[in-house]
Each structure stands twice: as structure tokens, then as C-alpha cells.
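K.L.:
Provided herewith is a single structure, encoded as C-alpha cells, for subsequent inquiry.
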Amino acid sequence: MRIGVISYHSSPLMPAGAGTSGGMNVFIARLYKELARWFPIDIFTCGSKGTVRIGKNLQVIHHDHSLDDFADAVIKEHQSTPYSLIHTHYWLSGLIGMQIYKKLSIPWVHSYHTIEVFKQITRDKTRIEIETDILKKCHYVLSPTRREAFDLAQIEPHTKVMTIPHGVETHTFKPSPNGHDSLLFVGRVDPIKGLEVLIDALGLVDRDVTLNVVGGAAKDRSAYVDLKSYGRNQQINFKGRVAHDRLVHHYSTAGIVVIPSYYESFGLVGLEAMASARPVIAFDDTGLVETVGNDAGILVSRNEKNLARAISYLIRNKERRYELGLTGRKKAVKYDWRAIAAIYRKTYEAIAKT
Ligand code: UDP
């Protein structure tokens with residue numbers, strides 16, 4: 001087995017939590033670190049750093065090329081030492097997958113990470129067309145939730161869509177006593193993350209509450225500046241991006257983690273909160289339904305009043321925060337990266353035989 005991974009626009013070497021670097025970077029870094037215990041993996045990404053070896057079996061290969069030339073570079077690598085399969089991540093890498101698919105007959109697996117047609121805001125028509133084309137052409141799609149897999153199968157019933165959830169490092173994100181009543185938001189400060197809805201909700205909460213916002217500006221920096229000014233009458237601390245391995249402290253000093261996103265394909269922050277035994281408050285139309293569910297937090301239908309009601313309730317009920325956190329931790333253990341990587345290993349092995 002030898003796996004070729006394409007992650008064109010974002011490298012696992014990039015720190016998560018600002019710009020375009022978020023859950024996908026964390027996902028690729030953690031998954032392939034685990035899988036490299038079993039077989040060699042090359043991760044292709046755009047950049048000029050050459051080849052960076054990050055383990056015995058794992059290297060990140062940078063190419064500063066257009067999409068077509070990038071595909072040729074992967075094909076050249078395959079011709080010298082063949083890959084058992086190619087796994088593309090995100091639609092830009094899917095475009096490269098389409099070029100490779102035309103020229104090679106090896107299994108092509110695709111993961112979307114976000115799917116434009118399912119977003120509730122900012123839909124890009126060209127991207128929707130390209131993502132539909134990828135769905136028709138690739139051999140397998142791996143989706144982190146059953147719901148997303150089901151929705152994709154409605155669009156293209158012929159493509160084989162399989163569900164494997166993302167993982168969490170349960171030895172890093174660990175429970176600690178929850179005596180706090182502050183709220184925590186973790187993520188890129190991007191319009192899709194719905195922070196303004198949370199700020200509106202804070203204005204409706206019936207007692208003083210502090211919100212800590214961990215995460216840097218997304219690609220468009222103006223959203224960050226606008227939100228700071230929008231939230232100026234609330235007790236909000238904008239802490240900026242925090243290195244992933246230093247996030248533990250922020251989860252352990254929070255009482256409740258709020259994820260007000262318009263869209264979460266999966267939502268790694270939900271799992272990190274659960275592993276840290278912190279209850280999650282979020283909307284009930286995102287991927288968090290399959291991780292947080294109704295016993296590791298409170299998922300409400302989408303409006304700021306419901307969000308405010310859930311926040312007020314959990315701030316008043318320390319006991320309930322504890323129960324939800326405890327259940328979250330129990331559930332999160334099943335998502336440990338080692339267990340999730342073992343499912344990927346079996347899946348890759350089965351696909352490589354096709
Ligand atoms: N993150 C981080 N530092 C920050 C903010 C976020 O390491 O300052 C990480 C966070 O812990 C999570 C990821 O970025 O692992 C965000 O993933 P998620 O799936 O929640 O959102 P996405 O970025 O994929 O939309």
C-alpha cells in the first residue's frame with residue numbers, strides 16, 4: 001500500500017485557526033500521522049518548500065504549479081513508485097483528481113470537507129457545478145456524517161459514498177472540573193461561523209456572561225474587524241489564533257462551548273469540546289447532530305432566541321453542564337484518532353483491491 005494524498009490549497013504544516021486553515025488542516029495532519037504507522041503516504045500541496053519529511057513514512061511534497069501541471073507532477077511520482085489510490089481533499093484538489101482520472105486507472109477517493117450546495121450562505125455556482133462533476137466522476141466519496149452521505153447520494157445515486165467520522169486526540173483534549181460559567185467559541189472568524197448570531201444571542205441572555213473567542217481572521221480580515229465592533233457592548237475577549245496544542249487550556253477554563261455556525265460539515269470543535277467534557281450549544285441543522293446529539297449538549301433550531309435560551313439554561317444549571325460534559329467525554333472516546341485511522345486503513349485496503 002502507498003497512498004497519494006492531494007490537498008492543493010492547504011497544507012497540514014500550516015497552523016490551524018486563521019486564514020483558510022482550519023479543520024481540514026487538523027484532519028489531514030492527524031489522520032495521516034496515524035496512518036503512516038502502516039504504510040507510506042505522500043501529501044501533495046501547493047507551495048515552494050520542496051519535499052518536507054515529517055516521519056518515516058510521511059512526506060509533504062510542495063509544488064508551485066497550476067492545477068494541470070500539479071496533476072502531471074503527481075502522475076510523474078506515481079509512475080516512478082505507484083500509488084495504490086489517490087485521495088483528494090476539497091474541491092480544488094478534486095479538479096486535480098479529474099485530470100489524473102483521465103490519464104491513470106487507479107482508484108480515486110474524494111472528500112469534500114465543505115459542500116457549496118449545502119451551505120446556507122454565499123453559494124458559488126461554478127463551485128457547485130465542479131463539485132457535482134467530481135461526485136459523478138470519482139470512484140468513492142468519503143463523508144464524515146451519514147446525513148451528508150445521504151444528501152450526496154440523492155444528487156448522484158451511482159457514486160459510492162461511505163461514511164467515516166473525523167477523530168479527536170482524546171489524550172490531548174481531556175476532562176477537567178467544570179466550575180466555570182464563561183462561553184467559548186473556537187474557529188476561524190469567518191461569516192460562515194455565525195459569530196454575529198451569537199453576539200445577538202448574548203444580548204438576550206438574562207445575566208452577565210463572558211464570551212472568549214479563540215481564532216484568527218479568515219481570508220477576508222474585514223469580518224474580524226466588523227465583529228469586534230459589533231460586539232463592543234458585550235463582554236467578549238477576542239484572543240486571536242491559538243496554536244492547536246495550546247487550545248486545551250481554553251477548553252478547560254470554559255464552561256460551555258458555543259458553535260453558532262451556519263454550516264458545519266462535521267465540526268471538529270464539537271468533538272474537542274466533548275473530549276474536554278464541555279457541553280456544546282449549537283444549531284440542530286449541522287453535522288454536530290451526529291456527534292453532540294441530544295446528550296452532549298443542547299442543539300436548537302436556528303434563531304438567536306433559542307440560542308440565548310439554551311445559554312441561559314446551562315449557565316444556571318451547573319449540574320446539567322456536568323452531566324452533558326461527562327456524556328460528551330464518553331462519546332468522544334469512540335472517536336479517538338487511533339480508532340478512526342484504523343477504519344480508514346481498512347477502507348483504503350478494500351478500495352485498493354478494486
Ligand atoms: N483551531 C486551532 N486554533 C484556533 C482556532 C481553531 O487550532 O485558534 C482548530 C480547532 O481546534 C479545530 C479546527 O481549527 O480543530 C477547526 O475545525 P472545525 O471543523 O471546527 O471548523 P473548520 O475550520 O473546518 O470550518
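Quick note: the coordinates plus some simple rules give every number you see, no bench work behind them. Everything numeric here is computed off the predicted structure, so don't read it as measured data. Don't worry about glycine lacking a Cβ; one is built from the backbone with ideal geometry, like all the others, and counts go over all protein chains shown.
K.L.:
Looking at the chain as a GNM with Cα springs under 10 Å, which of ILE298, ILE343, ILE54 has the largest mean-square fluctuation?
P.N.:
Maximum fluctuation in the GNM of the chain, among the listed residues, is at ILE54.
K.L.:
Given the -39500 (n - 2.57) contribution per DSSP H run of 4+ residues, what per-residue ellipticity at 222 nm results for the chain, rounded to the nearest 500 deg cm²/dmol?
P.N.:
Values: 12 runs with 138 residues, N = 354.
Taking each H run of at least 4 residues, the total per residue is -12000 deg cm²/dmol.
K.L.:
Antiparallel versus total DSSP beta bridges in region 147-304: what percent is that, nearest 5?
P.N.:
On the way: 0 of 19 bridges.
So the antiparallel bridges in region 147-304 amount to around 0 percent.
K.L.:
While we're looking at this one, here's another question. Where does each of ILE41, ILE100 land when they are ranked from fewest to most other beta-carbon atoms within 10 angstrom? It would help to have the intermediate numbers written out before the result.
P.N.:
Details: ILE41 24, ILE100 21.
Ranked by crowding around the Cβ, least crowded first: ILE100, ILE41.
K.L.:
GNM on the chain, C-alpha springs below 10 Å: top fluctuator among THR159, THR170, THR88?
P.N.:
Comparing THR159, THR170, THR88 in the GNM, the peak value goes to THR159.
K.L.:
So, one more: Pairing the Cα long axis of helix 304-316 with the longest principal axis of the chain, what angle in degrees results, from 0 to 90 and rounded to the nearest 10?
P.N.:
For helix 304-316, the angle is close to 70 degrees.
K.L.:
Report the calculated FRET efficiency for MET162 and ILE121 (r = Cβ-Cβ distance, R0 = 30 Å), to the nearest 0.05. If you can, show how the numbers build up before the last one.
P.N.:
Working: r = 28 Å, r/R0 = 0.94.
My answer for the efficiency is 0.60.
K.L.:
Could you tell me how far the Cα centroid of region 218-262 sits from the Cα centroid of region 123-174, in Å?
P.N.:
28
K.L.:
Report, by chain and number, residues whose modeled amide H sits under 5 Å from the one on ASP124, excluding near sequence neighbours (fewer than 5 apart, same chain).
P.N.:
none
K.L.:
Helix 23-35 sits at what angle to the longest principal axis of the chain, using alpha carbons and giving 0 to 90 degrees rounded to 10?
P.N.:
Roughly 60 degrees between the two axes.
K.L.:
Using only Cα atoms and rounding to the nearest 10 degrees, what angle (0 to 90) does helix 146-155 make with the longest principal axis of the chain?
P.N.:
So the helix axis and the longest Cα principal axis differ by about 50 degrees.
K.L.:
If you don't mind, there's one more thing I want to ask. Would you mind telling me the antiparallel percentage of the DSSP bridges in the chain, rounded to 5? Mind dumping the intermediate values first?
P.N.:
Values: 5 of 50 bridges.
Beta bridges within the chain, antiparallel portion: roughly 10 percent.
K.L.:
Just want the answer: with Cβ charges of +1 for Lys and Arg and -1 for Asp and Glu, which residue in VAL161, HIS63, ALA275 is farthest toward the dipole's positive end in the chain?
P.N.:
ALA275
K.L.:
While we're on this one: SER182 to ASP284: extension gain in nm, 0.36 nm per residue of separation minus the Cα-Cα distance? Before the final figure, lay out the partial values.
P.N.:
Numbers: separation 102, 0.36 × 102 = 36.72 nm, distance 2.19 nm.
That works out to 34.5 nm of additional length.
K.L.:
Suppose a student asked you for the relative contact order of the chain, using Cα pairs under 8 Å spaced at least 6 residues apart; what percent would you report? Before the final figure, lay out each step's value.
P.N.:
Working: 718 pairs, mean separation 60.2, N = 354.
Reported relative contact order: 17 percent.
K.L.:
What residues of region 229-272 lie in the reach of a label at LYS318, counting those whose backbone N is under 18 Å from a point 7 Å from the Cα along Cα→Cβ?
P.N.:
Counting backbone N atoms under 18 Å from the label point, the list is 252-257.
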